[in-house]
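Each remark here refers to the structure printed beneath this line.
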Amino acid sequence: MQPPSAGLFVDLEFPACVSSIVCAGDTPLTPLCDRITWLRPQEICASPHLFPENPRHGLGKQGILGDCWFICACSALQQSDKLLHQVIPAGQCTWNDPGYSGRFTCRFWRYGRWVEVTIDDCLPCLGHKLCFSHCQDEGAFWLPLLEKAYAKLHGCYEALWAGQVVDALVDLTGGLVERWSFEVAEESVREKMLSRMLDLKERCAMSCSVLHNKDGAGDLGEFHAFTITDIQRGFTKHGQELLLLRVHNPWGRSCWGGSWGESGDKWALMDQTESSRFLPQIQDGEFWVEKEEFLREFNEVTVAFPVNEKEHIHSFWTGWPLLHTQQICGSWLKGKSAGGSRNNASFPDNPKLWLHIKEESEVYLSLMQSQKAKTGATICKRNSQSRRGSTNSTALYAVGLHVWKVEKRRFNLQKTILSPPVAGTSSHCYDRQLHLRCDLSPGYHLLIPSTFHRDTEGEFLLRVLSSGPIMLRELTSNQPVTRRNEDVMRGIWETQELKGQWKKGSSAGGSRNFSSHHLNPAIPFCVPTKVQLVKVTLRQHCQGNQCHAIGFHVYLVPLDTSLSPLSQEPCASCVPHSHSQEVSKMCDLPPGQYVVVPSTYLPDQECDFFISIAIKLDRKPIKSQETLGQILKEVSVIKLMK
């Protein structure tokens, strides 16, 4: 009798060996590699099939690989046959078909196009059972095959250890995805989010995440993602309305001991007819959670935009179809087009694009950055210092995007970028992709994508989706503008060197997100008349790579001395706080008295710092015949404010 693998396709690019399991060897998979065997589905069960008859039995279980984020994203495919067949093309021969060859092809959306990944069906097992993802129906193999193709795309299975649900959803749908944080949202905003989720539950894939441990009713796990499988309204015996969310844990086991858990005490508030609508619906690993518990225990929700049968993405804020799509690839190159954030005088050197809006439109601007991993596969996930804790991917850069409306195509670039943008990211972020939603009027708009630090090299994809007609093109000439950093620095500067300290409990107040911000040192300086520019530079004294996230704000001292400068909005800021040894910002400040308030992002982080305030004076330098060299006037000041 021939063995089951005789004459079947063998994928030599992603072989059944240790190199396909681990790449760097810095996850718990490494000790298990010697025990893992590779088996085809007909060697694992008697009657393998691709999909279960009941879609609910296709819910994924995680196994020993930390890829809950990917498994949760796969729930999107169970809601739409169109999406499912886009990723797993129909018509492939399976195990009971005459043409079965052991070959399967999957498709993923990668940086603007769909790419095919072909694999064999040898799957990693421990003791003749799948050791990575599998379905509730253990005879269904669509999920472990898709997971293997995704692992091949990334270089190995280990590369899937820790990641972002939003990234996997984009790769599986080619659409737009939003992440909503409950931690920073006001109560009214959270209510709006939940109401929107209830409206979208039939059309959108949804996931929720726990980012840090809480003293809650269940052991949900830190940095763990879940799938929201249903949202329903219910009523108590006394007619009180409830909002209940059904949540699935990819671990495939119960992990929730809350009031509305399977044996929770709150079900007594409902009559038997009402509770029977909810309790019989749960599968292995599922549980119901009431709205208040949900907001308390989960930190954020990830929601994919709905896609119709014509593959048009719909806005879930207005319902309008985003019928018009254009995209451009670009790059930031050191010394040419990597100008950094708006804190840098070289910001105009960044890539610049024209967006022509032909009628008033709802517009989504999506910026996706790309990097090459050491394995040669193109991957983009958070780095090991992020709150997601990805341990084996290349680092992402902090990126941002800003939009200006211009009245005509001939315009003053320097004047434009010094004016407030009509839309832009509130801070540069380390996400693989970010997007802006904006309502834009007809006319020309200038788009500038940037990294936070200048001379940071990378590639990006800028994608525009609009409800109305658009035209997107790159400015063909991207020569550095006349106001280069070296030109700006010419002239007479008066410089102060200031030394200070953030100390726990007294002067380490943290960023403006915290009520203790006023405890930070406030360092005064004066801008005299006829001043062009002020450059503020903050440098922390840190050991090795153990840098805090630092930034600063500049406040105008009010004429009313009874008012604190920090009671008003800053007139200049160097944010977001950055894990850098040094940050700086060039400011145009009118004459007056100011204070600069340097801070770490989090309160109570201790560190010494140095701050330089350089004021450019509006007078011509005096030429001298003597060669005495350049004199630098330094003033050292330590100021402590209660």
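With neighbour counts taken as other beta-carbon atoms within 10 Å, the residues CYS23, CYS93 rank, fewest first, as CYS93, CYS23. Highest average first, the peptides 234-243, 121-130 ordered by how many other beta carbon atoms sit within 10 Å of their residues are 121-130, 234-243. Measuring between their Cα centroids, the stretch 118-143 and the stretch 266-326 lie 28 Å from each other. Computing FRET efficiency as 1/(1 + (r/R0)^6) for HIS128 and VAL10, where r is the C-beta to C-beta distance and R0 is 25 Å, gives about 0.80. Taking the helices alone, the chain has a mean residue ellipticity at 222 nm of -3000 deg cm²/dmol, built from -39,500 (n - 2.57) per DSSP H run of at least 4 residues and averaged over all its residues. Given the choices (i) 27.7; (ii) 26.6; (iii) 25.9, Kirkwood radius over Cα pairs in Å derived from the coordinates of this structure is entry (i).
Against the chain, whose longest principal axis is taken from its Cα atoms, helix 187-200 shows a tilt of about 40°. The peptide list 201-209, 66-74, 183-191, put in order of mean Cβ contacts within 10 Å with the highest first, becomes 66-74, 201-209, 183-191. Phi angles of the stretch 280-297 translate, via the Karplus equation with coefficients 6.51, -1.76, 1.60 and θ = phi - 60°, into HN-Hα couplings of x, 7, 7, 9, 4, x, 9, 7, 9, 9, 7, 3, 5, 5, 4, 5, 7, 8 Hz per residue; Gly and Pro are given as x.
Summing Lys and Arg as +1 and Asp and Glu as -1 over all other residues whose Cβ lies under 12 Å from the Cβ of PHE235 gives a net charge of 0.
Counting every other Cβ atom within 10 Å of each residue's Cβ, TYR150, TYR430 order from fewest to most as TYR430, TYR150. The residues SER19, SER511, when put in order of fewest to most other Cβ atoms within 10 Å, stand as SER19, SER511. The charge dipole of the chain, taken about its Cα centre with unit charges on the Cβ atoms of Lys, Arg (+1), Asp and Glu (-1) only, comes to about 2660 debye.
Projecting the Cα atoms of CYS125, TRP38, HIS154 onto the charge dipole of the stretch 18-164 (Cβ charges, centred on the Cα centre) puts HIS154 farthest toward the positive pole.
For the stretch 177-304, a crude dipole built from +1 on the beta carbon of Lys and Arg and -1 on the beta carbon of Asp and Glu, taken about the Cα centre, is about 300 debye to the nearest 20. Checking the Cα-Cα distances for LYS358/LYS535; LYS129/LYS310; LYS201/LYS352; LYS499/LYS616; LYS152/LYS291 against a 29 Å cut-off, the pairs over it are LYS358/LYS535; LYS129/LYS310; LYS201/LYS352; LYS152/LYS291.
For the listed peptides 517-523, 607-613, a ranking on the average number of other beta carbons within 10 Å per residue, highest first, reads 517-523, 607-613.
Readers should treat all values here as calculations from the given coordinates under stated rules, not as data from a laboratory. It should be emphasised that the depicted structure is a prediction, and the values quoted were computed from it without experimental measurement. Backbone-built Cβ (ideal geometry, glycine too); neighbour counts: all protein chains shown.
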